[in-house]
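Contents: one structure, followed by commentary.
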Amino acid sequence: MKKSFVRRIARCIGEMGVVSLAVLPLAVSSSWAAPALPAGLTAAQIDDVVARARDAFHVPGVAVAIVHDGQVVFAHGYGRRGEDAHSGDVDTRTLFAIGSNTKEFTTTALATLVDAGKLKWDDRVIDHMPEFRVADPAITRDFRVSDLLTHHSGMGEGAGDMMLFSHSTYTRPEVLAALPYMPFTAPFRMDYAYNNLLYVVAGALVEKISGTSWENYVQSHLINAAGLPACQSTPPVKGQMDVATGEGEDSDLPDRATLRLPAVAPAGGIWCSADGVGRWVQMFLNGGKTPEGRTIISTAQRDTVWAPHALLPLPDTAPATQGHFRAYGYGWFTEDFFGKKRVWHTGTIDGMVSYISFLPEMKTGIVVLTNHDDNHATYAIETTLNSLVVTGKSEDWVKHWKDVATAKEAAEAKAAATDGPGSPARPFITLSAQAAHDYVGLYHDDWRGNMHVTQKGAELRLTFDKAIGLSGVLSALPHDLFVVRWDNRAQDAEDDCYVQFLRDMTGKVTDMRMQVVGSDFSFDAQDLHPHRVSDQP
């Protein structure tokens, strides 16, 4: 081994604070061998599937990490940190928003409190947070810590997401205060419906028990304790250079002094690199211990968060991957995959998508981070690499997910042209300024707050309090129905909404209802019930 290579190893190890130079002779003996990728997987195959996925789905940048047999055996960055052709190259320390892969950090934080004897998974939430309330008092009394984590509360899919995303400026306490107004759409503990709101409550529970913020607890007890490089519980700020920019997002970073911590953080706020998530995966595969032997959570709690707690329907891909069951644990999905256990989760936020998966019996974990708002690319890369590890071969998953995306786009285009708003079947109409004035006013929703319909000439506009930048023009259809087209097309185009105004018996507009034109479950406009409280906006 060349001395320069030894020095590079020494420098990297020293920076992690793991061992001193005095033990280096052990690493350079004649028996030393480089860590190997799992059988069935090669670096060339990883490069190939990443290249094809980037090309098929127009992904600017990707970072990949592979953990096998206790070591990070592959870590590489591909492409650019942003859509701008002049943005810097992605490397293994580039920060990506990992979205809902934050959920396992929140459940792991809770697991540390379980290990410390400060919490039990079946504790009632109100016993730790007396202020906790949901719409049904009986459910409030019986709501357990585990019910925050398994997406079977009875709230609808994405319930409350408009307080967390869509330019929201809601604080975490304000989100919790609005929780009793969230509707239940299914029986308690019966139907699975993915929910971010209750993970925010789980984060508040961490704060309540620990006496510090979720951000501080996760940074100190998980990220720093586990030694995750280039990983943080708060958004990046000016001065941080190696940061990815998501699709449609502004690359300008906020000042540290004016940084606003997002309410959504316990459900989707962590930024991390391939190196950072790779070491996170090492810890989980090692039964909750770092490679140096420091316990972050007990193996018993690692197994608890990975265990099936809520059964789910099988995905369409189950026949191709020989899947027979799928379930949700605490912050993790689990399933069988070609006869092997697979634990995984994805995350989508700020125009980026992440995917973490484990094959515990193969002692392997795979991390994929992207800066493109399209989960088909991450699914294609992850399914290919998982297949190669388990079976030594793989179907063309890039083509499969490209075909799925193309078919979906074609169906949506056909529906829009056939009977969508503005189509020949549903043409827009022109209102006089006097007719438009009927809808002007201040509207209030119990959980989302104030909404304003204003008028300039014959044009009507809809804006929200506590949502800087969420505004749009209302275009009229017959029968008091409108479509609001949001101004920020890069970020909000998929969330254009129908707005149906309601009148009382005298003909006065009293309320409105909303529904997304498309299918974004996180823009849960259907749960809004704004009531007109003033004819002055």
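The values are calculated or read from the model by the stated rules, or taken from the named source; none is laboratory data. In this text, all values refer to a predicted model and were calculated from it rather than measured experimentally. Note that we place each Cβ from the backbone using ideal geometry, even for glycine, and neighbour counts take in every protein chain shown. All accessible areas refer to the heavy atoms of the entire protein, side chains included, with ligands and DNA or RNA removed. Shrake-Rupley method; radii C 1.70, N 1.55, O 1.52, S 1.80 Å.
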Which residue pairs have Cβ atoms under 6 Å apart, sit 6 or more places apart or on different chains, and have a first residue in the range 49-68 that is over 27 Å from LYS363 (Cβ atoms) and a second that is hydroxyl-bearing (Ser, Thr, Tyr)? VAL59/THR370
Does the range 75-88 contain at least one residue that is without any contact (Cβ under 8 Å) to a residue 24 or more places away in the chain, out of contact with any Phe, Trp or Tyr (no Cβ under 7 Å at 6 or more places or on another chain) and under 30 Å from PRO180 (Cα atoms)? no
For the range 221-252, give me each residue that is within 19 Å of ASP373 (Cβ to Cβ) and open to solvent by 10 Å² or more (accessible area, probe 1.4 Å). PRO235, VAL243, THR245, GLU247, GLY248, GLU249, ASP250, SER251, ASP252
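Looking only at residues that are touching a Lys or Arg at 6+ places or on another chain (Cβ under 6 Å) and of a type outside the set (Val, Ile, Thr) in the range 479-527, which one is nearest to THR430 (Cα to Cα)?
So the first thing to find is which residues in the range 479-527 are touching a Lys or Arg at 6+ places or on another chain (Cβ under 6 Å), and the list is 496, 500, 509-510.
Keeping just the survivors that are of a type outside the set (Val, Ile, Thr) gives 496, 500.
On the way: ASP496: 19, GLN500: 16 Å.
By that ranking, first place goes to GLN500.
Condition (residue is part of a loop (DSSP other than H, G, I, E, B) and in contact (Cβ under 8 Å) with a residue 24 or more places away in the chain) applied to the range 96-113: is it met by at least one residue? Working first, answer last.
Narrowing the range 96-113 to residues part of a loop (DSSP other than H, G, I, E, B): 98.
Next cut, in contact (Cβ under 8 Å) with a residue 24 or more places away in the chain only: 98.
Yes.
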How many residues are over 17 Å from ALA274 (Cα atoms) and aliphatic (A, V, I, L, M) when one looks only at the range 361-389? 4
So for the range 507-515 (the condition being under 22 Å from MET352 (Cβ atoms) and among the acidic types (Asp, Glu)), does at least one residue qualify? no
Any idea which residue in the range 405-432 is farthest from GLN45 (Cα to Cα), counting only those that are open to solvent by less than 60 Å² (accessible area, probe 1.4 Å) and of a type outside the set (Gly, Ala, Ser)? LEU431
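For the range 459-470, how many residues are over 26 Å from PRO180 (Cα atoms) and open to solvent by 60 Å² or more (accessible area, probe 1.4 Å)? Steps first, answer last, please.
First pass over the range 459-470, keeping only residues over 26 Å from PRO180 (Cα atoms): 459-461, 469.
Imposing the further condition that a residue be open to solvent by 60 Å² or more (accessible area, probe 1.4 Å) reduces the set to 459, 461.
Selection size over the range 459-470: 2.
Taking the range 402-421 on its own, how many of its residues are more than 30 Å from SER534 (Cα to Cα) and in contact (Cβ under 8 Å) with a residue 40 or more places away in the chain? Give the steps one after another, and end with the answer.
Within the range 402-421, the first condition is being more than 30 Å from SER534 (Cα to Cα), and the residues that meet it are 402-420.
Those still in the list that are in contact (Cβ under 8 Å) with a residue 40 or more places away in the chain too: 402, 405, 412, 420.
Counting residues in the range 402-421 that are more than 30 Å from SER534 (Cα to Cα) and in contact (Cβ under 8 Å) with a residue 40 or more places away in the chain gives 4.
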In the range 486-509, what count of residues is obtained for those that are open to solvent by 30 Å² or more (accessible area, probe 1.4 Å), at pLDDT 95 or above and either polar (S, T, N, Q) or within 33 Å of the chain's Cα centre (by Cα) (or both)? 3
Take the conditions within 17 Å of ASP438 (Cβ to Cβ) and of a type in the set (Ser, Thr, Tyr) and apply them to SER475. Does it pass? yes
What's the number of the condition ALA177 fails, among (1) open to solvent by 30 Å² or more (accessible area, probe 1.4 Å); (2) on the phi > 0 side of the Ramachandran plot? (2)
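Going by what's in this entry, would HIS151 be described as open to solvent by 20 Å² or more (accessible area, probe 1.4 Å) and at positive phi? Talk me through it step by step, then tell me what you get.
Numbers: open to solvent by 20 Å² or more (accessible area, probe 1.4 Å): no; at positive phi: yes.
Answer is no for this residue.
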Consider only pairs whose beta carbons are under 6 Å apart and that are at least six residues apart or on different chains; among these, list those whose first residue lies in the range 136-160 and is within 18 Å of PRO313 (Cα to Cα) and part of a helix (DSSP H, G or I) and whose second residue is open to solvent by 10 Å² or more (accessible area, probe 1.4 Å) and not hydrophobic (A, V, I, L, M, F, W, C). none
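Taking ARG189 as the residue in question, decide whether it is assigned to a loop (DSSP other than H, G, I, E, B), open to solvent by 10 Å² or more (accessible area, probe 1.4 Å) and either under 30 Å from ALA244 (Cα atoms) or small (Gly, Ala, Ser) (or both). Full working, then the answer.
Working: assigned to a loop (DSSP other than H, G, I, E, B): yes; open to solvent by 10 Å² or more (accessible area, probe 1.4 Å): yes; either under 30 Å from ALA244 (Cα atoms) or small (Gly, Ala, Ser) (or both): no.
So ARG189 does not fit the description; no.
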